[in-house]
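Colleague: Before I ask anything, here is the structure I am working with.
The values are calculated or read from the model by the stated rules, or taken from the named source; none is laboratory data. What you see is a predicted model; the values in this text were computed from it and never measured. Because the Cβ atoms are built from the backbone with ideal geometry, glycine has one as well, and the counts that use them run over all protein chains shown. Keep in mind that these areas ignore ligands, DNA and RNA; they rest on the heavy atoms of the full protein, side chains included. Shrake-Rupley method; radii C 1.70, N 1.55, O 1.52, S 1.80 Å.
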Amino acid sequence: MPPRFFVVCNNLKDQQGHYFETSVSVAKAARKAGFRPIVATHVDCRPDLFPDWLDIYPILCTDHWMHEGPARDRDFEGLLPTPYLEIGEVNAGRASISDYIEARFASEQRYKCRKCRRSLAFLGPWFLYCCRRMLSFLPRFLRRPLRGLLDQVAPTAKRFLKSPTVKRWVTRIVGRLWRRTVCTCTGPLSRSLQHPIERPYVDKAMRTLMPEKLDRELESALTFKRDLERLFSITGVSSEDHVLMGTAHERELLAIQLFVKRMGEGRAPLFHLEFRHPLFRGEVDEAQIQKLKPLRHKRLLFDLYRSQTPSRRIRFYTDTAELAEEYSLLSRFPFDVLPIPFRAHLIDDGEDGPQRPLRIVYLGDARDEKGFHWLPRLIDELMQEYVSSGRVRFILQATESVPEYNPRSVRALERLKEYDSSTVTLEGVDGPLSPEEYYELVAEADIVLLPYDKLRYRSASSGTFTEAFAAGKPCVVPCNTWMSSMLPPGAGEVFTDESSFIQNVKRLVDNYERYRRTAGRYSAQWLAKHSPEALVSCLLTASERHGECEPAARSA
Amino acid sequence: MKITYYYPFGYFYPVRSGSAMVAAHHLRYFKSRGMKPRIVVLTNGESSSRAEFERYYHWVEDIHVVSLRRYGELYKDFSRWSFGTFLRGHHNLTKVREFRKSLRQPADLVFLNYAFSSPLLDLVRPEPARVLEAVDIISRQFLMKGSGRALLEHHLRTEFDLYSLYDSVVMINTEEAEFARHCGVENATYVPRAVETIAPDGGLEEDADAESDLLFVGSDHPPNVEGAKWFYEHIYAPYLRAHGVRWTIVGSVCNSLPIRDSGVKCVRYVEDLWELYRRTKITVIPLLQGAGISIKTLEAMGQGKPIVTSPCGRRGLHGSEDALIGLDFEENPRAVAERILELCRSPEQRASYGRRALEYVRTHFGVEAYGQRMDSVLAEATERARRRQVAGKVA
């Protein structure tokens, strides 16, 4: 049986975004490299979206963003299979069959308890809330009747009652009580606390994360670990296998570390965690790490990982050199840089030469950070001279993504709907585009717009830019970003603000032929660096090296 | 050869369930080879047919009965229809002292039935050869419609892992045996069932005053219950009842069927099932899911009955296209009803199908073929056990 290559993507629920594309393209490349590819997705993902040759397991109940709590696990009827004991151990006489059964099936009693616990699970967070409220409430509550008494009591006693030491002791006692009572009754935390290997780790994690109100992160991490265990219990796993998380979060790192501890370094697969979200808006500044809560929390999670003996079976990556630098600063671990995977063969060559009118295309979700709300003004500015005269038309992908977090894009979309569809065509309004539809749009484009927030995208990559550039399309990108550092002179334009964005688009249209020829010259070079095969090769090369990871060939 | 045989089906006279019939054939085989096994019987506490069971198997060396009713928690495990609980139930059985003592008796061969019995191997000494009558891929039987793929795969993987603990695994369906081998179970072997047929001089003709038009025989196994209920709701009640078709249902499946219909007769137990076959026109097999082979289909074919079956009812019966009438019940229930009515009105058609069914069973599921295959299975298992012992000593 060939070794397995797992692509674990807990945010993959449909074809929206690049999760689907990345997963399928990497799985295909892994298959070409002689692996058996397996993709694990969110439980809400439909397996029929994927090609028949690919094994899909919609098994992950937590998603990357944690907007909602963990989804309900569907397939296991209360069973809790774990992969830690293989039948080989029984055949070798090192374990009994009963041990094996115990590892693969929960007991009826535990199943019943779990059902009961699930219905009481709301009590956990509620109780914690009550405890916290009491801690702050109690002194006030006691203060009233005791005010008179306190006034009469010696100042020493007053200082004692108000002292931080007393508060600390009370917090410690209540916290311990909470962990030993409510925690043992609810959710994945309870299971971990009952296990001799996991307990010290989870105990420490709770003490570290709860003061920062990160207990939900820990619950989510342990739910993710449970789902990983189920996946590996079904598919089997060995030290020859690879697991890629294309968009990882630090909480998932905790889960994976715990899994590797249970599995043992000698038996665990090699985990490749790629972190893709930018950390700093603007320049990198270590002082911000302590000031900004999200960064502080991320460092806390990395420090927790470090404090529990980092594993040699876990490797870290990003997809740009700038992001690798940021994460190295934050985590104090080395990060390699991976190529960006996409299925370039789906981009049709298209007609030779530009078509009239020129097609100016916006690709990707309608999000504020992607500058979608700039498009109505751009169209208005170009309407008289370019659009009405038939020199250009606009094709805009208008797939809404979490509208409540992108209000400006929602308003912009309403405006865009008012334009004549022959000059402004909106695609994907009803839902995400399929990969074929998306790549058809890429192939059709003459100019690709990326009016992204330059601070947000300072170090982050853009799949849309990668695909457009690979297809030889001139692009308009923000300045001081990874995109602008990748864009060769003459292959596109770089803007600084909304006004210069509009001017650059006009300039590009006016001199289109020159830009197109330049962009086309770099396309092949770009494709050689960024492909799913290059990514898989990079991962396998990294795994063959012993000791510390050295930075792999970086994207130019 | 000293044999310990684990019989997990209670005091079933062989025809009460297909799996009990499988066990009966094993024991008959042992008898034909002059072997006298010790039978360890697991029951649900019913003792109504104990005397009959002991009379039928009076020739064995010993019968040791373990009643689940004495162990409340164990009884609960076996009451819930799930692969996990049946496995855990057997795991818990290993703590029962009388059971432990019984299985640890010296033997040359230990013969278990169904993969969920595997936890009992913890009690068995290392020396005896271990043979599993898997019957079919039992984990599939526990999965009802709507069970997720992940659960199926988990169960399958567990079951195939357990097969590796044995020296030989016997399966009654050739495709399932091939599938198991394809999944790495090298010791899986297909052994065709020996089906009891009517004597060569026994008449194929049904009684002129046939008591029933349709017959379904089954235990209270959930797929049987599901199939019978579906057939009643989708075919019998809408299409056949109005034509006065009489349907007899036999077996413990009656306990779980909420059918109150003057045209349907539910009989929990009959003294002579073969007699009932003679007094019935057609056997219907309305199963919608299952694994292995449908023993009841083979049994009816062995009695020379014409059979109308769903695709599931003829699983594993290759080359039986002419021997029985296979129709997709769910796709076109009306067509099934029409075919049944046509068959009810035509004694010639019934006789023709009955002859072909009997011929098929005699060709593919004869007693001799079964005996020869079992001889080679036991020889192979004994040899593997010997090699295992040697390897263990060397280690």
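Colleague: I'd like to verify a number: residues in the stretch A:315-341 that are within 16 Å of A:Met486 (Cβ to Cβ), open to solvent by less than 10 Å² (accessible area, probe 1.4 Å) and touching a helix residue (DSSP H, G or I) at 6+ places or on another chain (Cβ under 6 Å), how many?
Modeller: Qualifying residue count, the stretch A:315-341: 4.
Colleague: Something else: Give the stretch B:259-294 a look and list any residue that's open to solvent by 20 Å² or more (accessible area, probe 1.4 Å), under 15 Å from B:Pro223 (Cα atoms) and at pLDDT below 85, or say none.
Modeller: Within the stretch B:259-294, B:Gln289 is the sole residue that qualifies.
Colleague: Name the single residue that is nearest to A:Asp380 (Cα to Cα) among those in the stretch A:491-503 being touching a Gly at 6+ places or on another chain (Cβ under 9 Å) and open to solvent by less than 10 Å² (accessible area, probe 1.4 Å).
Modeller: Here the answer is A:Phe501.
Residue-by-condition table, conditions (1) surrounded by 20 or more Cβ atoms within 10 Å (Cβ to Cβ); (2) under 18 Å from B:Glu153 (Cβ atoms):
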site	(1), (2)
A:Gln16	no, no
A:Tyr19	yes, no
A:Val43	yes, yes
A:Ile59	yes, yes
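Colleague: Another question, if that's okay. Could you check, for the stretch A:441-453, whether at least one of its residues is open to solvent by less than 10 Å² (accessible area, probe 1.4 Å), of a type in the set (Val, Ile, Thr), modelled with pLDDT under 95 and within 24 Å of the chain's Cα centre (by Cα)?
Modeller: No, there is no match, as no residue in the stretch A:441-453 is open to solvent by less than 10 Å² (accessible area, probe 1.4 Å), of a type in the set (Val, Ile, Thr), modelled with pLDDT under 95 and within 24 Å of the chain's Cα centre (by Cα).
Colleague: Out of the stretch B:76-108, which residues are within 12 Å of chain A (Cβ to nearest Cβ) and open to solvent by 70 Å² or more (accessible area, probe 1.4 Å)?
Modeller: Across the stretch B:76-108, the qualifying residues are B:Lys76, B:Ser79, B:Arg80, B:Trp81, B:Lys95.
Colleague: Separate question: Pull out all pairs, ordered by first then second residue, where Cβ-Cβ is under 9 Å, the residues are six or more apart or on different chains, the first lies in the stretch B:302-321 and is farther than 16 Å from B:Pro347 by Cα and acidic (Asp, Glu), and the second is modelled with pLDDT of 85 or more and part of a helix (DSSP H, G or I).
Modeller: The qualifying pairs are B:Glu321/B:Arg314.
Colleague: Continuing with this model, one more query. Filter the stretch A:31-78 down to the residues that are within 14 Å of another protein chain (Cβ to nearest Cβ), part of a loop (DSSP other than H, G, I, E, B) and in contact (Cβ under 8 Å) with a residue 60 or more places away in the chain, then identify the one that is farthest from B:Leu152 (Cα to Cα).
Modeller: A:Cys61
Colleague: Follow-up question, since we're still on this one. What about B:His155, is it surrounded by 23 or more Cβ atoms within 10 Å (Cβ to Cβ), at pLDDT 85 or above and within 12 Å of chain A (Cβ to nearest Cβ)?
Modeller: Answer is yes for this residue.
Colleague: Quick check on the stretch A:273-294. Is at least one of its residues among the β-branched types (Val, Ile, Thr), farther than 24 Å from A:Thr541 by Cα and in a loop (DSSP other than H, G, I, E, B)?
Modeller: Yes - at least one qualifying residue is present in the stretch A:273-294.
Colleague: Go through the stretch B:52-68 and give me each residue that's part of a helix (DSSP H, G or I) and either hydrophobic (A, V, I, L, M, F, W, C) or exposed (fewer than 12 other Cβ atoms within 10 Å of the Cβ) (or both).
Modeller: Selection gives B:Phe53, B:Arg55, B:Leu68.
Colleague: Out of everything in the stretch A:79-107 that is more than 7 Å from every other protein chain (Cβ to nearest Cβ) and aromatic (Phe, Trp, Tyr), what residue ends up being surrounded by the most Cβ atoms within 10 Å (Cβ to Cβ)?
Modeller: So the residue we want is A:Tyr100.
Colleague: Being aliphatic (A, V, I, L, M) and either open to solvent by 40 Å² or more (accessible area, probe 1.4 Å) or part of a strand (DSSP E or B) (or both), is that true of even one residue in the stretch A:410-420?
Modeller: For the stretch A:410-420, residues aliphatic (A, V, I, L, M) and either open to solvent by 40 Å² or more (accessible area, probe 1.4 Å) or part of a strand (DSSP E or B) (or both): present.
Colleague: Looking at this structure, is A:Ala248 in a loop (DSSP other than H, G, I, E, B), small (Gly, Ala, Ser) and touching a strand residue (DSSP E or B) at 6+ places or on another chain (Cβ under 9 Å)?
Modeller: Yes; evaluated as a whole, the condition is true for this residue.
Colleague: Here's something else I'd like to know. List pairs: first in the stretch A:476-492 and within 15 Å of A:Val448 (Cβ to Cβ), second among the acidic types (Asp, Glu), Cβ under 8 Å, 6+ apart or cross-chain?
Modeller: Once the first residue is within 15 Å of A:Val448 (Cβ to Cβ) and sits in the stretch A:476-492, its partners that are among the acidic types (Asp, Glu) give A:Val476/A:Glu493; A:Val477/A:Glu493; A:Pro478/A:Asp453.
Colleague: Quick check on the stretch B:176-189: of everything there that is open to solvent by 50 Å² or more (accessible area, probe 1.4 Å) and out of contact with any Leu (no Cβ under 9 Å at 6 or more places or on another chain), which residue is nearest to the other protein chains (Cβ to nearest Cβ)?
Modeller: The residue in question is B:Gly184.
Colleague: Moving on. Answer yes or no: is there a residue in the stretch B:163-175 that is at pLDDT 85 or above, more than 13 Å from B:Ser82 (Cα to Cα) and within 9 Å of chain A (Cβ to nearest Cβ).
Modeller: Yes; the residues of the stretch B:163-175 include at least one that is at pLDDT 85 or above, more than 13 Å from B:Ser82 (Cα to Cα) and within 9 Å of chain A (Cβ to nearest Cβ).
Colleague: Right, something else. Among the strands (runs of 3 or more DSSP E) confined wholly to the stretch B:212-324, which include 1 or more residues that are hydroxyl-bearing (Ser, Thr, Tyr)?
Modeller: B:212-217, B:247-250, B:280-285, B:307-309
Colleague: So which residues in the stretch B:339-375 are in contact with a strand residue (DSSP E or B) (Cβ under 8 Å, 6 or more places away or on another chain), open to solvent by 10 Å² or more (accessible area, probe 1.4 Å) and more than 24 Å from B:Gly244 (Cα to Cα), if there are any at all?
Modeller: B:Arg373, the sole residue that qualifies.
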